[in-house]
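The values are calculated or read from the model by the stated rules, or taken from the named source; none is laboratory data. Treat the numbers as computed from the prediction; the structure is a model and nothing was measured. In this analysis, Cβ positions are derived from the backbone assuming ideal geometry, glycine residues included, and neighbour counts consider all displayed protein chains.
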Amino acid sequence: MSVLGVYGVEHTASILYYGLHTMQHRGQEGCGMVCVDSEGNMKRHRGLGLVSEVFNEQKIAALDGMMGIGHVLYTGAASRGVDNVQPLYFHHGTGDFALAHNGNVVNAEILTTALENRGSLFHSHSDAELLAHLIKKDNPNEPRIFSIIEALKQMEGAFVFLIMTKNRLYACRDKYGFHPLAIGKIGDGYVVSSETCAFDTIGAEFVRDVAPGEIVTIDKKGIRSSFYTEQECCKCKMCAMEYIYFARPDSDIDGCNVHAYRKESGRRLYKESPVEADIVVGVPDSSLSAAQGYSEASGLPYEMGLIKNKYVGRTFIQPSQNLREKGVRMKLSPVRSIVSGKRVVLVDDSIVRGTTSRRIVNMLREAGATEVHVRIASPTMTHPCFYGVDTSTLEELMLARMSVEEACKAIGADTLAFLSYESTLRSAIGRDDMCLACFDGKYPTPIYQNIEDVNK
């Protein structure tokens, strides 16, 4: 998922459209936007599908204003349907507001039950709706920032929220900073985005990242900062999968460029797991940088041995296993003239379920590759993620059920090797504080449920 907010910029809806389109890689299930017109009225449009499918010129023109928020959706199996497409829009006696969210609140079930027992009614499975119920104010004379702070204090987990009223935009990031959120500037106005790659598309200049635990307020007075928890309690634990898989290579996250990270991981991968081969091939698109790094370190030529169909979405974030399996062959095609008769080093970012790896190895062999040596630019994924990656059970994780040797046989590779935990950390230039819970099981927060219960 990704969020995008715009304040004080003309043609806000168009800016949101192009920015969301740039971040389409973060979710293809649905999208939406809410904009505020010159009279302070909020207008919303949302739907299932890609940004280009949900919006057209007429719909964008009908939304236009000087402020708005947008969202692209990637959900788990339990949270599908148009009711969960964001931003969500709420009517309230203290003023209407809209919400967009990225991440996962791990104590959502506890908070939802408590609110339902007090009479709250929920219409979606979105954590954005949970926050809306928590920030409803009883005192109309109290600034909304206080109710936002009190609401965020009750939440645990990985979350980025954009909250918009008729005259103000709030950008919130959890105290661990699991997921990125950056501030940019267009003229006298501001933008807030899940990834900096959107800034280039919409003509924004990067200002800074929203800090862990920070609430940024943007209105006619400019930009101001608050923290919902003590700053010394904020411990940055950026999700490693943002660098490894989710983010675009041209994004910078907390001062570290994604392409540079992936390229360095590829160099380290070769040093740890060299192999005699003829060419290096990366799996498009998230693994190409790591493949380039492996090629440079090994001296083996980097070849475009796999071609991606640009009109097929990311198979990992397809809503079902059946669609993922069908999507692999639609998405990728081997270049026979390049791989035939060659010993291939196949570099990929991760192995989650193993479906994609197995089918790609098989395609390369069918195209004439004599050997396929799989190299993964991350450690073995052995633990469920509770912070926004759709791998919530051990059964879904190949390396939780198999040894590396068994996994190698299962995907049909000649050899299989993974980047070490230590090199995964060191590949991030200037930081050693990422969340690697899906690799080591060390969860930065309470998860409010045990692994055994999750897997029942």
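Numbers at a glance
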{"item": "Extreme residue, surrounded by the fewest Cβ atoms within 10 Å (Cβ to Cβ), among residues of segment 252-286 that are of a type in the set (A, V, I, L, M, F, W, C) and in contact with a Ser or Thr (Cβ under 7 Å, 6 or more places away or on another chain)", "result": "VAL275"}
{"item": "Odd one out for LYS308 among (1) closer than 20 Å to ALA410 by Cα; (2) at pLDDT below 95; (3) in contact with a Ser or Thr (Cβ under 9 Å, 6 or more places away or on another chain); (4) basic (Lys, Arg)", "result": "(1)"}
{"item": "Pair list, Cβ < 7 Å and 6+ apart or interchain, from segment 252-274 residues that are on the phi > 0 side of the Ramachandran plot to residues that are of a type in the set (Lys, Arg)", "result": "ASP254/ARG431"}
{"item": "Index of the failed condition, ARG44 passing every other in (1) out of contact with any helix residue (DSSP H, G or I) (no Cβ under 7 Å at 6 or more places or on another chain); (2) outside any helix (DSSP H, G or I); (3) more than 26 Å from ALA158 (Cβ to Cβ); (4) of a type outside the set (Asp, Glu)", "result": "(3)"}
{"item": "Among the candidates GLU205, GLU214, residue that is assigned by TED's automatic domain parsing to the domain that holds PHE159, farther than 30 Å from GLU150 by Cα and free of Cβ contacts under 8 Å to residues at least 60 places away in the same chain", "result": "GLU205"}
{"item": "Segment 408-422, residues that are part of a helix (DSSP H, G or I), over 22 Å from the mean Cα position of the chain (by Cα) and within 22 Å of ARG262 (Cβ to Cβ)", "result": "ILE411, GLU422"}
{"item": "Test: residue in segment 49-67 that is crowded, with 21+ Cβ neighbours inside 10 Å, modelled with pLDDT of 95 or more and under 19 Å from PHE161 (Cα atoms)", "result": "yes"}
{"item": "Boolean, ASN84 is surrounded by 17 or more Cβ atoms within 10 Å (Cβ to Cβ) and in contact (Cβ under 8 Å) with a residue 40 or more places away in the chain", "result": "yes"}
{"item": "All positions within segment 241-284 that are in a loop (DSSP other than H, G, I, E, B) and hydroxyl-bearing (Ser, Thr, Tyr)", "result": "SER251, SER273"}
{"item": "Segments classed as helices (runs of 4 or more DSSP H), wholly inside segment 115-222, with at least 3 members that are at negative phi and under 18 Å from the mean Cα position of the chain (by Cα)", "result": "197-202"}
{"item": "Any hit, segment 63-75, residues being assigned to a helix (DSSP H, G or I) and more than 22 Å from the chain's Cα centre (by Cα)", "result": "yes"}
